[in-house]
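The values are calculated or read from the model by the stated rules, or taken from the named source; none is laboratory data. Values in this document were obtained by computation on a predicted structure and should not be read as measured data. Here the Cβ positions follow ideal geometry from the backbone for every residue, glycine too, while neighbour counts run over all protein chains shown. When the accessible area is computed, the model is the full protein with side chains, heavy atoms only, and any ligands, DNA or RNA have been set aside. Shrake-Rupley method; radii C 1.70, N 1.55, O 1.52, S 1.80 Å.
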Amino acid sequence: MALIPFLALVRKDLLLFFSDRRAVIVAFAVPIAIGSFIGSITGGFGRNDEPRRISVALVDQDGSAVSKAVVADAQGDKNLAVIVTTVDDAKARVRKGTTNLAVVIPQHFGERAGRSMFRGDDKPELAVFYDPSRSVEVAMVRGILTEHVMQAVSKEMFSGDTGRRFVDESLARLDSSGLPVERQRLLRQLMTSVQKFYRDPAPNQTAGGIFTMPYTVREEAMTSRANVPYNGYAHSFAGMGIQFLLFSALNLGIEMLVERERGLWARLRSAPISRFVFIAGKMVSITIVSLMTLLVSFAFAIAVFHVRIDGSYVGFMAVAIACSMMAAGFGLLVATVGNTPKTARGVSTLVTLVMVMLGGAWIPTFVFPKWLQQITVIVPVRWAVDGLDATTWRGLGLSSAVGPTLALLAFTAVFTVISLVRFRWQEG
């Protein structure tokens, strides 16, 4: 019966794997350690309302009401960690890497910004000194400062002393402006009304004026359920679990090449064992090891970091099993396509790292260029990561796991067919 040699092959491979201390550490301990580290720096647990603040050094060379308002608003922003300092100190902080970027508000900024708001010329310049390795933070701070500057300038121009002076000066220069008489008359009426508004404020008007931001923002992280915080460990353990189950499958594939070099495959052929039984036995043993790698990683994350499978348990297991089978197919592919263990290890390690990188296990795929995002659909790791994310922190149902599961099974079929075609009992 083919079942007896099949089970014997599976048992032999599992015993060899667990007798190799290095292989066990790589399969179980390393993904847990790296997943814990990456999870701690990419969101952690329960920190939706505590964004990581971007360190910014502000230099106020103006001292006007506008610049003081910008500094005060920036200091109160939950996304920024602001220190007010000098130009030299700010540059030194950025150069040393202790501060992400520095912003210098120049002299006469408030006055020139207010005038350019209406005239469109003589715009003041904010000097920004940034760490070139932090370009993402620069874009974020630019948007945040735009909000604070626009709010401070518009408030001062429409409700403060700077705006009052601007109206008085504009009225004084109106006759020499060169505008048609009718346009001058209309502008004089408008500015006179604004001037009267400034000089005769309403009894209940607050000191800060009547102009404020016309909206507020309510932020809610879209996780599995309302008010459930995002757990960054769910994604990091998915990524690292997949990476190291691939490495485990890769190592087992290399061991198969070593066995062939030693003539073990030829002896098995004389048993006799067919190539289908041999491939099936290897497929099952590698799948079991790969699945154990992934499940042990997630068990640790659930026990220590409170990761939860908030979606479909069936979907989670379907994706996990399909991913493990894909890894087993990849290991077989390495064993049947590779010529020698040495050359196969180098090439397959590179391929594994590229798959993991493009699949979003290290960094989210949304930061990739659009053309690269489209290419990642042919990378099996992308489907595995998306499927595990969907069934854990996203809290999606079984339907969300169908696509990733089928895609991973398709990759498994392709890898296995190629392995069967390329299989040789002996080298050459």
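Key figures
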item	result
Potential extension, Ser399-Ala8 segment - 0.36 nm per residue separation minus Cα distance	137.0 nm
Thr343 paired with Thr192, simple spin-label distance in nm, labels 7 Å along Cα-to-beta-carbon	9.4
Relative contact order of the chain, pairs being alpha-carbon contacts under 8 Å that are 6 or more residues apart, as %	19
Span-like helix ranges in the chain, DSSP H, alpha carbon extent 18 angstrom or more, Kyte mean at least 1.0	3-19, 275-305, 313-337, 341-358, 399-422
Of all accessible heavy-atom area on the chain, the percent that carbon and sulfur account for (1.4 Å)	62
Fluctuation leader among Glu261, Glu125, Glu111 - the chain, Gaussian network, Cα springs under 10 angstrom	Glu125
Distance cut-off 36 Å, percentage of C-alpha pairs in the chain lying past it	50
Solvent-accessible surface (1.4 angstrom probe) belonging to Met157, in square angstrom, nearest 10	10
Whole-Å semi-axes of segment 277-428's equivalent ellipsoid (Cα gyration tensor)	28, 18, 14
Per-residue [θ]222 nm for the chain (sum of -39500 (n - 2.57) over DSSP H runs n ≥ 4, rounded to 500)	-21000 deg cm²/dmol
Accessible surface, the chain, averaged per residue in Å² (probe 1.4 Å)	53
Solvent accessible area, Å² - Trp383, 1.4 Å probe, full protein context	80
Highest-first arrangement of 29-41, 314-326, 134-146, where packing means the average Cβ count within 10 Å	314-326, 29-41, 134-146
Antiparallel content of DSSP bridges confined to segment 50-159, in %, to 5	30
Efficiency of FRET between Arg53 and Arg424 - r from beta-carbon atoms, R0 45 angstrom, step 0.05	0.15
Ranked order, Val70, Val351 - accessible area, probe 1.4 Å, largest first	Val351, Val70
FRET efficiency, 1/(1 + (r/R0)^6) with R0 60 Å, evaluated for Arg95 and Arg183 via beta carbons	0.70
Sites Arg267 and Val414, calculated FRET efficiency, Cβ-Cβ separation with R0 25 Å, nearest 0.05	0.25
Accessible surface of His235 - all protein chains present, 1.4 Å probe, nearest 10 Å²	40
Top of Leu398, Leu268, Leu295 by mean-square fluctuation, Gaussian network on the chain, Cα under 10 Å	Leu268
Cα-Cα over 27 Å, subset of Lys282/Lys342; Lys123/Lys155; Lys68/Lys123; Lys91/Lys123; Lys282/Lys370; Lys78/Lys196	Lys282/Lys370; Lys78/Lys196
Leu353-Glu147 pseudo-label distance in nm [points 7 Å out on the Cα-to-Cβ vector]	4.0
